[in-house]
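A short write-up of the structure that comes next.
None of the figures in this text is laboratory data; all of them are computed from the coordinates on show. Quantities reported herein were computed from a predicted structural model and do not represent experimental measurements. Because the Cβ atoms are built from the backbone with ideal geometry, glycine has one as well, and the counts that use them run over all protein chains shown.
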There are 2 protein chains.
Amino acid sequence: MIGGGQLARMAHQAGVPLGIRFKLLADTPQDSASQVVSDVVLGDYRDLETLRRFAADCDVVTFDHEHVPTEHLRALQAEGIAVRPGPDALVNAQDKGVMRAKLDSIAVPCPRHRIVADPADVTAFANEGDGYPVVLKTVRGGYDGKGVWVVDDEAEAQAPFLAGVPVLAEEKVDFVRELAANVVRSPSGQAVAYPVVESVQENGVCAEVTAPAPDLDPALSDEAQQLALRIAGELDITGHVAVELFQTRDGRILVNELAMRPHNSGHWSQDGAVTSQFENHLRAVLDLPLGDPRPRAKWTVMVNVLGGDYPDMYHAFLHCMARDPGLKLHMYGKDVKPGRKVGHVNVFGDDLDDVRERARHAAAYLRGTITE
Amino acid sequence: MIGGGQLARMAHQAGVPLGIRFKLLADTPQDSASQVVSDVVLGDYRDLETLRRFAADCDVVTFDHEHVPTEHLRALQAEGIAVRPGPDALVNAQDKGVMRAKLDSIAVPCPRHRIVADPADVTAFANEGDGYPVVLKTVRGGYDGKGVWVVDDEAEAQAPFLAGVPVLAEEKVDFVRELAANVVRSPSGQAVAYPVVESVQENGVCAEVTAPAPDLDPALSDEAQQLALRIAGELDITGHVAVELFQTRDGRILVNELAMRPHNSGHWSQDGAVTSQFENHLRAVLDLPLGDPRPRAKWTVMVNVLGGDYPDMYHAFLHCMARDPGLKLHMYGKDVKPGRKVGHVNVFGDDLDDVRERARHAAAYLRGTITE
């Protein structure tokens, strides 16, 4: 796996019972995954020679993030290395312009969008619809709210163009909530769909996920799963795919983002599903038969743990573990910095209010925003 | 953790989400745990200097096996190193003579037993009860059926004395089945009890575990849990304790063996309990609040996977994973040798017959004793 973040850390953990020999390409020995994986190579994922040497004895190469240059992936693939997902699929998660064009070509419902040339063109785009506000995104390099702007007028529309990267304009969707339809697909074409979840974002970062999405019309749930499976198939994606969706006020679903790796919206599955997204991602990229994606509990709620003002969380851990013996902690081994994602908690059970309260309480206590 | 076997491998896996920095003392880089742990020291656990150097930067030292010399543990403890379980507790898992004497002193029901001097003394022991057969055990060094003999006469009673280790004689208990009462206790005295399980042995090796034990009288279940908690407390054990029990034909329970580490009879908890024995063992030895030991499913069955005649299990994996997407595989990364424990499978669900059939089928198919 290329990339030493928490997704690689949790993928390694999920691979241990399968007997998978997990090799990691990471930046530093302090990376989240480097701390727990036995076979770590340090190097720069932007360097083709490093990638070649790393991949030479791998059965398959997969990813913790989407930042490996597409041309390097094509080179590796041309040399006979199994890259999963492959570059032709992955480019859709790397470049939002390519993704929108591809989804348009297969008639997947998306927010109104087009590439814009300059601030005046943003105003033109706005006027083609209901006017400002407009969402602007750099087509490459964004994540967790970075590279995304919601602008109210042409003056505010200057900033996104400063990076010199093409800019995509999208309508600001009047959504009632965000959903994620997560599926896993293997090279031989087997696919499984997780229950559609509700995801709550704060400042562009996933904050909370409820599985399954409460009060979701079964027809819309089916539609979302079918849509995600169709995208996985049409784009020939292998591994875990997160299709982030807007549920609109008028009852439609529109694709917001695609991720082709384990995803924050699937962390609930570690404790809430028969087979976690991490295990199924590994099964898929190795073309092993996929595991059962069904939920094990009526409700599972995941809340991200963000760093607070106190770098040492030890006493907060003691409190949370003692208060709630059913709490499932997932810490990433990262230094605590204010606002940084340092872990998440999962709680499962029959009573949604109770489950949600427990998960939120633990995350807030660990961050230090509550003290009892 | 000292010892690189599968228990250390699975303990590391369980420690990843807690953010535990796991350091391993193993024999070789090929050991089951060495394959997956980042921080591995190679060395001989029988050498005090090696243990000292290994433990110097550990918050706490715990164990994958019971073979570290008791005097070395006492030396480490005298030097201020937190050894959990401590040597005064662990000696009861290392020396069956010490264990029986200790359990007698606290009035724990055990099979009739005493240390015997020679084969003639075995006959004397037999005649003090119902005669032969008699069970003979070397007081140290036995595991998985090794160091245990069931003898029918004085001639057969020669072999156990050849090793020059004291020999313990025990009555051959007329049991209806074997149970295990597993508990976890922390240094601060908090303790939790897992449901009592039924364990089936084949050739002295744990073959299958059903959680909870079917048709167990609730009073007997309570008695077994209370007994295990009392043993953990009286012996001042920290960490996971497996109390292996005989359920006699006349409705009593007698203690067969004690283990003070994660144990084969607790593997079901990885997929069948809210908190696995591995996570709770780590929580306990680090004196963190313990996790909920309750079952997540009505039934969970664990069956050990033994090696068969085919060293390459890959195609058997494909078959088993495809046949049963709910199967939870736990492989140890060991070379396959006939009869060697190389992994286990867990299956959970509402229907015991179905759950048991699925787990047995997978283990038998992986071993190669069935081919469809």
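Between copies, how far does the label point of A:Arg52 sit from its twins, in nm, shortest first, when each point is 7 Å from Cα along Cα→Cβ?
5.0
Calculate log10 I(q)/I(0) of segment B:37-122 for q = 0.16 Å⁻¹, where I(q) comes from the Debye formula with a single equal point scatterer on each Cα and nothing for solvent.
Calculated log10 I(q)/I(0) at the listed q: -0.72.
Using the C-alpha atoms of segment B:112-171, what convex hull volume per residue, in cubic angstrom, is computed?
That works out to 69 Å³ per residue.
Longest segment of chain B with no trypsin sites (Lys or Arg not before Pro) in a DSSP loop having at most 15 other Cβ atoms within 10 Å?
B:113-248
If you take the C-alpha gyration tensor of segment B:274-372, multiply each eigenvalue by 5 and take the square root, what semi-axes do you get, largest first, in whole Å?
So the equivalent ellipsoid measures 28, 18, 10 Å along its semi-axes.
Dividing the Cα radius of gyration by the Kirkwood radius, what Rg/Rh value follows for segment B:175-367?
0.98
Principal axes first, then extents: for the Cα atoms of segment A:6-83, list largest minus smallest coordinate on each axis, whole Å, largest first.
If we take the Cα atoms of segment A:6-83, the spans are 32, 25, 19 Å.
Give me Rg/Rg_expected for segment A:181-260, where Rg uses Cα atoms only and Rg_expected = 2.2 N^0.38 Å with N residues.
Ratio of Rg to 2.2 N^0.38 Å for segment A:181-260: 1.08.
Of the listed pairs B:Lys96/B:Lys172; B:Lys102/B:Lys341; B:Lys137/B:Lys341; B:Lys146/B:Lys337; A:Lys146/A:Lys337; B:Lys172/B:Lys298, which have alpha-carbon separations greater than 24 Å here?
Table pairs above 24 Å Cα-Cα are B:Lys102/B:Lys341; B:Lys172/B:Lys298.
Expressed in whole Å with the largest first, what are the equivalent ellipsoid semi-axes of segment A:48-175 derived from the C-alpha gyration tensor as the square root of 5 times each eigenvalue?
For segment A:48-175, the semi-axes come out at 34, 15, 11 Å.
Just how large is the dipole of segment B:6-83 about the Cα centre, in debye to the nearest 20, putting +1 at every Lys and Arg Cβ and -1 at every Asp and Glu Cβ? Mind dumping the intermediate values first?
On the way: 7 positive and 12 negative charges, 38 e Å.
The calculation lands at about 180 debye.
Placing unit charges on C-beta atoms (Lys and Arg positive, Asp and Glu negative, everything else neutral), compute the dipole magnitude of chain A about its Cα centre in debye, rounded to 20.
920
How high is the relative contact order of segment A:104-248, given as a whole-number percent (alpha carbon pairs under 8 Å, six or more residues apart)?
Once normalised by length, the contact order is 24 percent.
Treating only the Cβ atoms of Lys and Arg (+1) and Asp and Glu (-1) as charged, compute the dipole magnitude of segment A:175-367 about its Cα centre; round to the nearest 20 debye.
Roughly 440 debye, rounded to the nearest 20.
Calculate how many DSSP beta bridges within chain A are antiparallel, expressed in % of all such bridges and rounded to the nearest 5. Show your work: numbers first, answer last.
Details: 58 of 65 bridges.
Close to 90 percent.
Just the Kirkwood number for chain A, please: inverse of mean 1/r across all distinct Cα pairs, in Å, one decimal.
One decimal place: 21.3 Å for the Kirkwood radius.
Given the protein assembly as shown, what whole percent of its Cα pairs are spread farther than 43 Å?
31
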